[in-house]
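The values are calculated or read from the model by the stated rules, or taken from the named source; none is laboratory data. Just so it is clear, the structure is predicted and the values come from calculations on it, not from any experiment. Glycine also receives a Cβ, built like all others from the backbone with ideal geometry; neighbour counts cover every protein chain displayed. The protein model used for the area step is the full one, side chains on, heavy atoms only, and it has no ligands, DNA or RNA in it. Shrake-Rupley method; radii C 1.70, N 1.55, O 1.52, S 1.80 Å.
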Amino acid sequence: MIVAIANQKGGVGKTTTAINLAAGLALRGKPTLLIDLDPQGNSSMSFLDITQIGRSVYDALAEQAVPMSEVIQRTGLTNLSVAPARIALAKLESKLVGEIDSHYRLKDRLEPVLGHFRHIVIDCPPTLGLLTVNALVASTHLLIPIQSSYFALEGTDDLLETIEKVRARPNPNLRILGVLITMHDKRTALARDIRGQIQKVFGGKVFKTVITKSVRLEESPAYKESIFTFAPDSTGATEYYSLCEEVIDRA
Ligand SMILES: Nc1ncnc2c1ncn2[C@@H]1O[C@H](COP(=O)(O)OP(=O)(O)OP(=O)(O)O)[C@@H](O)[C@H]1O
Ligand SMILES: [Mg+2]
């Protein structure tokens, strides 16, 4: 399973979901790779110290001479490796302009390491540009986090259109694994209303698991830990664990 976590809307919980899904899959005993495709590098920094990051995904995507295996690093968590991002990744789009294989770079560069990992999770940036398209071309599945907020569904049309374009040509096998409601506040009527709206649009694609707002989830990256080791008894840990189970059942 190669699952891209994408939504071009910023701050909806993509990175939080990518790091905790990857950690949860690794904790279940399967070798897992987390690929950071966001130049902000938030998911890299959730497991690695910035000083530990030498070569990054940018080098593997931009330079034929740098194999993906040279970029991948082990993390403190057993079974979890990370292909880290640096700000250089922001230059990729201009670097690959006019290159005939620009949409296929990640898929091609991943090929030699596929045998080493059971699961691959890709954290996408908040755009529908070349990086996200590379993730969609390389993936078998897509997970869309949607923040439980008033403007939750704004922009999802553009995302769905991009998915259809990718499915039409480069990757007909791409499947929407599910839509994940994040930062939900069960107490408010507005949040319940938004959940209803999201379910109306996406129906059975919406995961049963809903991620509620939790300070623990916000804090854990600062300590370079996933929610499972940082606060194993928190609601965030329980919810992301149940997401892992749903993901495995659906994949
Ligand atoms: N369930 C949650 N409860 C509370 N805070 C959360 C939750 N999920 C994410 N956050 C916080 O919300 C902010 C945005 O989350 P995150 O970085 O995961 O979103 P993103 O979609 O990756 O953002 P970007 O588009 O910038 O990459 C972060 O500060 C994060 O810690
Ligand atoms: Mg992010």
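Arg195 sits with roughly 80 Å² accessible to a 1.4 Å probe, with DNA, RNA and ligands left out of the calculation. Build a GNM of the chain with springs between Cα atoms under 10 Å apart, and of Leu174, Leu61, Leu77 the one that fluctuates most is Leu77.
Spatial offset of the stretch 178-251 relative to the stretch 56-127 amounts to 27 Å, using the alpha carbon center of each.
Where does the charge balance sit around Val210 when Lys and Arg score +1, Asp and Glu -1, over other residues with C-beta under 10 Å from its C-beta?
Working: positive: Lys186, Arg195, Lys208; negative: Glu239.
That works out to +2.
Counting only Cα atoms, the chain measures 54, 39, 30 Å along its principal axes, largest extent leading. Comparing the stretch 97-145 with the 2.2 N^0.38 Å rule of thumb, its C-alpha radius of gyration ratio is 1.18 (two decimals). As a length-normalised measure over Cα pairs under 8 Å and 6 or more apart, the relative contact order of the stretch 32-106 settles at 40 percent.
Here is the P(r) of the stretch 1-58: all C-alpha pair distances, binned every 5 Å from 0, give 4, 17, 29, 25, 18, 8, 0 in whole percents.
So what's the stretch 111-171 giving for Cα Rg divided by 2.2 N^0.38 Å, two decimals? Each step should come with its number before you reach the end.
Values: Rg = 13.3 Å, N = 61, 2.2 N^0.38 = 10.5 Å.
After normalising by residue count via 2.2 N^0.38 Å, the value is 1.26.
For the chain, the share of DSSP beta bridges that are antiparallel, to the nearest 5, is 5%. Here the extension length gained between Asp157 and Asp185 equals 7.6 nm, from 0.36 nm per residue of separation less the Cα-Cα distance. Taking Thr78, Thr16, Thr51 as the candidate residues, the one with maximal mean-square fluctuation in a Gaussian network model of the chain, Cα springs under 10 Å, is Thr51.
Derived scalar couplings between HN and Hα for the stretch 236-244 equal x, 5, 4, 5, 5, 5, 5, 4, 3 Hz in order, rounded to whole Hz, by the Karplus curve 6.51 cos²θ - 1.76 cosθ + 1.60 (θ = phi - 60°), x for Gly and Pro.
Before anything else, pin down the relative contact order of the stretch 125-251: Cα pairs under 8 Å, at least 6 apart, normalised by residue count, whole percent. Provide the component values of the computation, followed by the final result.
Values: 144 pairs, mean separation 28.6, N = 127.
Relative contact order here is 23 percent.
Cα-based values for the stretch 62-127, radius of gyration first and Dmax second, are 13.0, 40 Å. Within straight-line reach of Lys205, meaning a Cα separation under 26 Å, sit the following lysines at least 8 residues removed in sequence or on another chain: Lys9, Lys14, Lys30, Lys107, Lys165, Lys186, Lys213. Which of rounded, prolate or oblate describes the stretch 20-149 when judged by the alpha-carbon gyration tensor and an a/c cut-off of 1.5? Rounded shape, in that the Cα axes give a/c under 1.5. Taking the helices alone, the chain has a mean residue ellipticity at 222 nm of -10500 deg cm²/dmol, built from -39,500 (n - 2.57) per DSSP H run of at least 4 residues and averaged over all its residues. Eigenvalues of the alpha-carbon gyration tensor of the stretch 199-251, scaled by 5 and square-rooted, set the equivalent ellipsoid semi-axes at 24, 13, 9 angstrom, largest first.
Within the listed set Ala60, Ala237, Ala88, the residue fluctuating most in the Gaussian network model of the chain (springs between alpha-carbon atoms under 10 angstrom) is Ala88. Scaled to the globular estimate 2.2 N^0.38 Å, the Cα spread of the stretch 137-243, given as radius of gyration, is 1.19. Look at the alpha carbon pairs under 8 Å that are at least 6 residues apart: their mean separation over the length of the chain gives a relative contact order of 26 percent.
Across the stretch 70-86, rounded Karplus estimates of 3J(HN,Hα) from the backbone phi angles (6.51 cos²θ - 1.76 cosθ + 1.60, θ = phi - 60°) give 7, 9, 5, 10, 6, 10, x, 9, 3, 6, 10, 10, 10, 9, x, 10, 10 Hz, Gly and Pro being marked x.
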